[in-house]
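A short reminder: the numbers here are calculations on the coordinates, not readings from a lab. All figures in this text were calculated on a predicted structure; none of them were measured in a lab. So basically every Cβ, Gly included, is an ideal-geometry build from the backbone, and we count neighbours across all protein chains shown.
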Amino acid sequence: MAILNEQLKEQLKRRFTERLHDPVQLTLYTRPGSGRLILPGGLGCATCGDARELAEDLAAAAPEQVQLEVVDVSARTELERPVPSLTLAAANGEANEGGGRLGWQGLPAGYEFATVVDAIERVSRGEHGLADATVDALCELTEPVELMVFATPT
């Protein structure tokens, strides 16, 4: 069963056509071929296939603007990260200076899907949506900061 139905894919294409400006880079970290069975030691990935399908649908909605790279973490032993994970950055690399990047752990479906779409649009337009006072406070930081937001519908 498809994650996004055809009607939603068409809506996403129209929305991205209207709202995207500069290219964005999506990177999906996955462990393909591991199936839905989770084995002892954390091997396996119950949602990697679904995450890949969702990321491919996002990229297909605006192939000129949304670039997708799929990284097999089992082939890259230096990558220790939960799978699936999705990261987002400006494709021109400006947002990556200093490691700036947005990311989601797990399958970004349901409520999280809207945040991924919004983030793609904001990164593409170079907009952050923060108040001036917040930007001023962030400019005063002298150390790298990692901000984590946890969301659950319950």
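List of remarks:
- Residue order, fewest to most beta carbons within 10 Å, for Val116, Val149, Val83: Val149, Val116, Val83
- Separation in nanometres of the label points that stand 7 Å from Cα toward Cβ, at Arg125 and Ser74: 4.1 nm
- Computed FRET value (nearest 0.05) for Ala60 with Phe150, which takes r as the C-beta separation and R₀ as 22 Å: 0.15
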